[in-house]
């Protein structure tokens, strides 16, 4: 599949950027004889049942890129409501909300966010969705099992030896407020891998931390034209978004957009209760 | 249209022939066309262009009238006349060639004698009357009668680079569909109970309605009076809201509902020509020339007066005749622009093919509008010109004198010197489909490449299919199966024998694989490229090649009644790739998989289902059988190993059918699985009455609650699914199919269908503490081993293969579209979505681009008007025009091409047309050093094609290895492929940063090896 020269140039630029200063928890593998053959690796975020896993994301670029999104799929088995058993990923960013300014980094960060905030209401794997809604602990166990069996290598992928943009950044630069984010400047030291979150505590482990570190990652690279609300799954087009969107993604979106103070564990508690009502 | 009712001919429309056009006009409009008899008076260039397009489109009959003898000058635009015809009656000579175009449309001759005046008696009995090049006084006489008798009337004329059209479809013409757009619809979330009932749309989806549109509703809960209500008039309040009048006496709105636009007929009141002359309704064809229609309105009348007084047209570039014409025009309209009238006089005796194509395409669509009442007719006068196409050195009077050649009509406008340039031009036409055929017709008429140095290369990999014959007018039924480029080249060399030996056809498609054919020498020997393509990939590729070789590129495309033409000029305009239409928004996969709410979603799903059932499994089986270590190597990296192996086992062993009956059983079970069990399972996970946390029903808004289907042989959709699926399954195994419905009914009804109980969720048996990492010990891998054992070894099945289905939308007997339509409709029934017929399903699933000859003809004319400028070598942006048209509205728009964007590194400005050039195959080290030393640029990455030759993170070893390599060696080393011998230069890209460590964009690099 050929990609027009301008798009190819963009990809090159992105690859250079992703190789030199990758966002937190996200890396790429490239192939010298074919730059279009890009595979993303997402480190399972701490505090989620995916922690410890490394998830490969396949990319296929068409000649319409970047006007149209690349085809993207999860190449590592995962138990997640928004990823079908065949690996399809349901995020609006990859379909109807795609913008030509988005690129590989944006997609990978979006999918990483999706691992932290699954959206059971636009389920591709409705069994995972059902389980997440009905029995959160069971969902976590199952997801953890699948992660350990299919996604956990004996050794961390070599790509992660390169430090992330956030990790290598000096505090002064990472507190510079980004133009796309209105989050109060986060303490730059909060990096996800370093955060002392006990593994036994699943999702409710301080999402605010996660977001801060992610935001600092994002605000870092000027090349990342990453819009920080990547969580819209297909439900985002549902009327009165609040009425049909689960509180979880809503909270997440808020947290990212407005740095909602409730996004801490209190928010997670609410969320759990709400889910049970469903 | 008084007597049309009696004539109604219920003969079915040939969907094979008219396929692409049906997607433009629709069945209803075509049925109305099938009862219309069209008269075309005057069959010189313009008349034959109109007749050709109308015959192709399909009306009841076309009658032509033109008893005048053929002259040599006619051959310059009348593509159906030959030298041998000179002296014969134009209509008689034209008729047989016109009649060949469409077996469904009889072409008739209205007899007459040379010099015989047209009379009202002659035009009686037709539903549409078209006059081409008829004097104004005659137009008035005929129009008085047609207007009084409610017969649509069109008068059209081309003079040099000018054209004129007048429409009078009668005092009260009913247009049933003014724009041809699909009726809008959308989901709503509220309707106020109010005097001005406000309707609000779901989640910021734009309704797209305009004030005065009409809507009705379905599925509204609460305010149920709205469901199926009489169309209500809309007032737009915002992009997501509109009001529908008084709703205060209706019930309270609860939730849900879909609005659907109702297209209302529009009555258009046309003035007669006599009335219209003094108070004309002028259509603006180019907003940059807003005062020109007024001038030309007077000019064309003056021209007619001149002709009647002098019994001839003004002579080419003759000042005396021009001043006579100016004074005539000034008497009609004192404000008429003298310069324009002078130019009209200069060119009046000329006729050029591109203008004929523009006006002819336009008028033909107007004829179809008159017959079908579909699309908004022109109201009422159109004047068009392309004076910008004149060469920058204006020819002298002497140069424009007739020479007794077929090009006299063009020489009268452009002069002999420019005619010479045209004849020695060298063009490469990429594609010989609809646009390609029209292009070649124009080129042959204007004498392009007929000179000693002229050459036309035309390539097309396709062979001719039946559905092409409806608009690719160089092809006849006997040509079906032959190569397009070859047939087209022969056809136009026959139209203008001067082309013989100057047109070469090829079958090699353009692309990387054929760069040995379309190589440096090839491009060095052409002056420009014209694209006549139907896909973005090839367009982008040719664009890239034209940038590399700095050749002008003429680009165009059509979509139904819409079309555009774009000019790309080296070092001046942006290129094709610089701006692209945004692609269609894609549907999220969960909408397709679980929450469809529109037929497009179910069609997308069924298209995937088609691949998942009839293509991919057979391919996997074949790969397993033919590729050594397929299971170990390929599958291992797919992340789907177990599923894939299970599928191979199923297709190759456990579910392999031995008879067609077993295929029927299989398809019956597929029905159960997909349209019953899966739905039950989904409802088990997400019950129909589930509530969200806010107490709203989960299944609401765009999520429509599904319900399982119970199989019933007497439901035609159910049965057609069984028939199509069983036949396609049988095809995979090379089993003979069957089409007798009785057989399917009998077997399908006897299939024992296992009882289904939803899987009760995925209970997690293993506790957190014993995750089973590591490889061999885990249960799933053991499963895999067990399954794999069931597979026969490839050796034991030597030579055995399944036959994957190769999707082909245009074969009505292959069950492909039948399956997709049935599967999509069953799923639509699951979700209570209105089902779609086969025709609509075929368009969406087959991604068919609607097409009609009228648009193609017009757009190609616009391209050729730009080609004159390319040949002239114009070098200012404002000399060129990109064009956009929509014949349905109608609409013309022109714009100056966009200038190539200026980029900058250091103090150097550059555009996409600039490049760095290296000779003598430098080493990577020299290359990088050159950027550093000459431009103070640090290179961080070097690439060629898709190969990443070097990057700053490459590591020490690679640096040492690669820096001393010459480029040719480096490319072969990284790509692991030999550079083909015909490749003399490599296109290289770099990422670079300047002294301030800022990334900068730099031009591409040509490295000669």
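Here are the numbers for the structure shown:
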| quantity | calculated |
| --- | --- |
| Some residue of the range B:461-482 being buried (at least 24 other Cβ atoms within 10 Å of the Cβ), part of a strand (DSSP E or B) and at negative phi | no |
| Tally, over the range A:86-97, of residues that are at the interface with another protein chain (Cβ under 7 Å from one of its Cβ atoms) and either without any contact (Cβ under 8 Å) to a residue 24 or more places away in the chain or touching a helix residue (DSSP H, G or I) at 6+ places or on another chain (Cβ under 8 Å) (or both) | 6 |
| Condition broken by residue B:366, with the remaining ones in (1) in the same structural domain as residue B:161 (by the TED database); (2) touching a helix residue (DSSP H, G or I) at 6+ places or on another chain (Cβ under 8 Å) satisfied | (2) |
| Tally of residues being surrounded by fewer than 21 Cβ atoms within 10 Å (Cβ to Cβ) and farther than 24 Å from residue B:218 by Cα across the range B:812-838 | 3 |
| Any pair with Cβ under 6 angstrom, 6 or more apart, that starts in the range A:116-141 at a residue that is more than 7 Å from chain B (Cβ to nearest Cβ) and within 18 Å of residue B:703 (Cβ to Cβ) and ends at one that is surrounded by fewer than 24 Cβ atoms within 10 Å (Cβ to Cβ) and modelled with pLDDT under 85 | A:133/A:275; A:133/A:278 |
| Of all residues in the range B:191-220 being surrounded by 20 or more Cβ atoms within 10 Å (Cβ to Cβ) and more than 26 Å from residue B:888 (Cα to Cα), the one that is farthest from the other protein chains (Cβ to nearest Cβ) | B:197 |
| Residue match in the range B:456-471 (condition: under 29 Å from residue B:403 (Cβ atoms) and out of contact with any strand residue (DSSP E or B) (no Cβ under 6 Å at 6 or more places or on another chain)) | no |
| Some residue of the range B:685-708 being assigned by the TED database to the domain that holds residue B:739 and part of a helix (DSSP H, G or I) | yes |
| Criterion: farther than 21 Å from residue A:113 by Cβ, at the interface with another protein chain (Cβ under 10 Å from one of its Cβ atoms) and in a loop (DSSP other than H, G, I, E, B) - qualifying residue of A:16, A:3 | A:3 |
| Neighbours by Cβ (under 7 Å, 6+ apart or cross-chain): first from the range B:587-606, more than 10 Å from every other protein chain (Cβ to nearest Cβ); second surrounded by 24 or more Cβ atoms within 10 Å (Cβ to Cβ) and part of a loop (DSSP other than H, G, I, E, B) | B:602/B:596; B:605/B:596 |
| Pick from the range B:798-822, criterion at pLDDT 85 or above and closer than 25 Å to residue B:629 by Cα, ranking: farthest from the other protein chains (Cβ to nearest Cβ) | B:800 |
| For residue B:650: the one exception among (1) away from chain A (no Cβ under 14 Å); (2) touching a residue at least 40 places away in the same chain (Cβ under 8 Å); (3) closer than 30 Å to residue B:629 by Cα; (4) part of a helix (DSSP H, G or I) | (2) |
| Residue match in the range B:494-509 (condition: assigned to a strand (DSSP E or B), surrounded by fewer than 16 Cβ atoms within 10 Å (Cβ to Cβ) and away from chain A (no Cβ under 14 Å)) | yes |
| Output for the range A:140-163, where each listed residue is touching a helix residue (DSSP H, G or I) at 6+ places or on another chain (Cβ under 8 Å) and not in a helix (DSSP H, G or I) | A:162 |
| For residue A:111: the one exception among (1) part of a strand (DSSP E or B); (2) surrounded by 21 or more Cβ atoms within 10 Å (Cβ to Cβ) | (1) |
| Subset of the range B:80-122 (residues that are part of a strand (DSSP E or B) and closer than 20 Å to residue B:474 by Cα) | B:107 |
| Breaking point among (1) within 12 Å of another protein chain (Cβ to nearest Cβ); (2) under 24 Å from the mean Cα position of the chain (by Cα); (3) under 21 Å from residue A:4 (Cα atoms); (4) modelled with pLDDT of 90 or more, for residue B:584 | (4) |
| Residue match in the range B:207-227 (condition: under 24 Å from residue B:597 (Cβ atoms), part of a loop (DSSP other than H, G, I, E, B), in contact with a helix residue (DSSP H, G or I) (Cβ under 6 Å, 6 or more places away or on another chain) and not assigned by the TED database to the domain that holds residue B:702) | yes |
| Residues within the range B:483-493 that are farther than 21 Å from residue B:854 by Cβ and in a helix (DSSP H, G or I), tallied | 6 |
| Hits in the range B:510-546 - residues which are part of a helix (DSSP H, G or I) and within 19 Å of residue B:867 (Cβ to Cβ) | B:523, B:539, B:542, B:543, B:545, B:546 |
| Among (1) assigned by the TED database to the domain that holds residue B:830; (2) without any contact (Cβ under 8 Å) to a residue 60 or more places away in the chain - the single one residue B:577 does not satisfy | (1) |
| Filter result for residue B:746 (modelled with pLDDT under 85, assigned by the TED database to the domain that holds residue B:650 and surrounded by fewer than 17 Cβ atoms within 10 Å (Cβ to Cβ)) | no |
| Single match in B:251, B:285 (criterion: under 30 Å from residue B:882 (Cβ atoms) and part of a loop (DSSP other than H, G, I, E, B)) | B:285 |
| Any hit, the range B:564-579, residues being in a loop (DSSP other than H, G, I, E, B) and facing another protein chain (nearest Cβ under 8 Å) | no |
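Let's see how each residue does on (1) surrounded by fewer than 18 Cβ atoms within 10 Å (Cβ to Cβ); (2) within 13 Å of another protein chain (Cβ to nearest Cβ); (3) over 42 Å from the mean Cα position of the chain (by Cα):
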| residue | (1), (2), (3) |
| --- | --- |
| B:949 | no, yes, no |
| B:952 | yes, yes, yes |
| B:965 | no, no, yes |
| B:979 | yes, no, no |
| B:984 | yes, no, no |
| B:997 | yes, yes, yes |
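The values are calculated or read from the model by the stated rules, or taken from the named source; none is laboratory data. For clarity, every value in this text was computed on a predicted model and none was experimentally measured. Please note: Cβ atoms are built from the backbone with ideal geometry, for glycine as well, and neighbour counts cover all protein chains shown.
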